[in-house]
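The values are calculated or read from the model by the stated rules, or taken from the named source; none is laboratory data. Please read these numbers as outputs of a predicted model, since none were measured by experiment. No Cβ is skipped: glycine too gets one built from the backbone with ideal geometry, and neighbour counts run over all protein chains shown. The protein model used for the area step is the full one, side chains on, heavy atoms only, and it has no ligands, DNA or RNA in it. Shrake-Rupley method; radii C 1.70, N 1.55, O 1.52, S 1.80 Å.
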Amino acid sequence: MKTITDLRGTFALHNGVGMPYFGLGVYLSKEGQEVINAVKWAIKTGYRHVDTASVYKNEEGVGEGIKQSGIAREDIFVVSKVWNNDQGYETTLRAFEGSLKRLGMEYLDLYLIHWPVAGKYKETWKALEKLYREGRIRAIGVSNFLKHHLEDLVETSEIVPMVNQMEFHPYLVQQELLAYCTAHKIQYEAWSPLMQGKVFGIEAIQTLARKYGKSVAQVVLRWNLQKGVVTIPKSSKKERIVANANIFDFALSEEDVALLDAMDRRQRFGPDPDNFDF
Ligand code: NAD
């Protein structure tokens, strides 16, 4: 069982780096003032982790928001991802420099392979390993890698990914994959933890929310952490950014964690890592 303390708490990655287990997602937050504000509000609230990607086209705003927050760069855990058409060895090295330049930063805390592009991800990983060894990134990982992708990758890799960022919510738990990652010290991380907003309509979770005197979002996000899963809910609205992080004054019982686990329908709202065409 991992210990959960407060918004600045971390889970230790297998290389010893502490990854804040609660962060801000910025997919679909507009470049410019919208994302700048979201990042600033989040940091003011106490968030210390921001998750972007080159394909979100808002890295400049993320960097600017962090700069304007008044909190030191070293105190924020910054994550970006290499996009599919940049995969390959040299192209990934170039893409990384592009992300750093847009963010206005000297290093990243975590860099992820965004999707397991067939025939490409092993070369991409070699580039990440090089950047990691050079100290340009504090941790490297993957996203949307199923068990067979991970097994294939580690066959030739020198470094086991530190993180796997996956779609994860009450309708897509993938407990076997989570257990596999845990066994291999790969930190599991949830994307779309709120089912892109669709989680709010689930009656059984509304009932749980009433029981704990919390919101549906808070119950679901707390469930992520109690399962040892890093979570990065997205919002660009101040009240929601603040409210989503207000999950450190209660704990779900083991039975209620199990109840949420049992809602699994193996239902994706995002693309299937075994069948995507972008
Ligand atoms: P999410 O599950 O975080 O849901 C976001 C939606 O819920 C938004 O529409 C938001 O306005 C709404 N919302 C948030 N808080 C709310 C609240 N308290 N009350 C009511 N509505 C609320 O979805 P997401 O953005 O898809 O996922 C989170 C983050 O994960 C992304 O921003 C991105 O950083 C990352 N992500 C990664 C991948 C990947 O392939 N690696 C894919 C998708 C998302």
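A few notes on this one:
- Unique residue being open to solvent by 30 Å² or more (accessible area, probe 1.4 Å) and of a type in the set (Val, Ile, Thr) when the list is THR124, THR182: THR182
- When segment 1-47 is filtered for residues that are away from the ligand (no atom under 15 Å from the Cβ) and surrounded by 19 or more Cβ atoms within 10 Å (Cβ to Cβ), the ones remaining, listed by number, are PHE11, LEU13, ILE36, LYS40, ILE43.
- Residue check, GLU59 of a type in the set (Asp, Glu), more than 20 Å from PHE168 (Cβ to Cβ) and surrounded by fewer than 20 Cβ atoms within 10 Å (Cβ to Cβ): no
- The residue that is farthest from the ligand (Cβ to nearest atom), counting only those in segment 210-231 that are open to solvent by 10 Å² or more (accessible area, probe 1.4 Å) and either of a type in the set (A, V, I, L, M) or closer than 15 Å to LEU172 by Cα (or both), is LYS227.
- Residue that is least open to solvent (accessible area, probe 1.4 Å) [pool: residues in segment 190-207 that are in contact (Cβ under 8 Å) with a residue 60 or more places away in the chain and within 6 Å of the ligand (Cβ to nearest atom)]: MET195
- Number of residues in segment 56-69 that are farther than 12 Å from GLU31 by Cβ and within 14 Å of the ligand (Cβ to nearest atom) equals 0.
- Across segment 70-91, the qualifying residues are those that are within 13 Å of the ligand (Cβ to nearest atom) and either assigned to a helix (DSSP H, G or I) or among the charged types (D, E, K, R) (or both), and the one among them that is nearest to LEU112 (Cα to Cα) is LYS81.
- Criterion applied to ALA127, ALA95 was being among the hydrophobic types (A, V, I, L, M, F, W, C), under 28 Å from SER157 (Cα atoms), more than 16 Å from the ligand (Cβ to nearest atom) and in a helix (DSSP H, G or I), and the one residue passing it is ALA127.
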